[in-house]
Amino acid sequence: MRLLALVTFLALAAPGQAQVQDAAAWIRQCLSDTEGRPVTPQLRAMYCTCMVGQANDTETASVAAMERINPDAARQCRALSGWV
């Protein structure tokens with residue numbers, strides 16, 4: 001429940017209602033995609049929020065694809081979230 005509250009809060013920090021809904025959907029997808037990774041749900045939420053924040057408004061690639069396209073952003077988000 002705290003994880004959902006954190007994700008919702010971070011998603012609402014983005015401007016525009018449509019962008020907020022898109023960001024929340026991308027974050028939920030990222031959380032689902034990273035489900036089996038050996039880190040806490042809080043770290044996954046922070047990482048996913050960071051990765052979604054790295055995307056521009058017209059980005060259509062999944063977070064997994066963004067990790068491959070922009071490994072520097074993935075490294076930065078892992079470091080910022082504590083997922084090292």
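Each reported figure results from applying straightforward, stated rules to the coordinates on display, with no laboratory input. The model shown is predicted, which means the values in this text are computed figures rather than measured ones. Every residue, glycine as well, gets a Cβ built from its backbone with ideal geometry; the counts of neighbours run over all protein chains shown.
Checking each residue in the stretch 69-84 for being of a type outside the set (Val, Ile, Thr), in a loop (DSSP other than H, G, I, E, B) and closer than 15 Å to Gln42 by Cβ picks out Gly82, Trp83.
Specify the residue that is farthest from Asp22 (Cα to Cα); the eligible residues are those in the stretch 45-84 that are in contact (Cβ under 8 Å) with a residue 40 or more places away in the chain and not aliphatic (A, V, I, L, M). The qualifying residue farthest from Asp22 (Cα to Cα) is Trp83.
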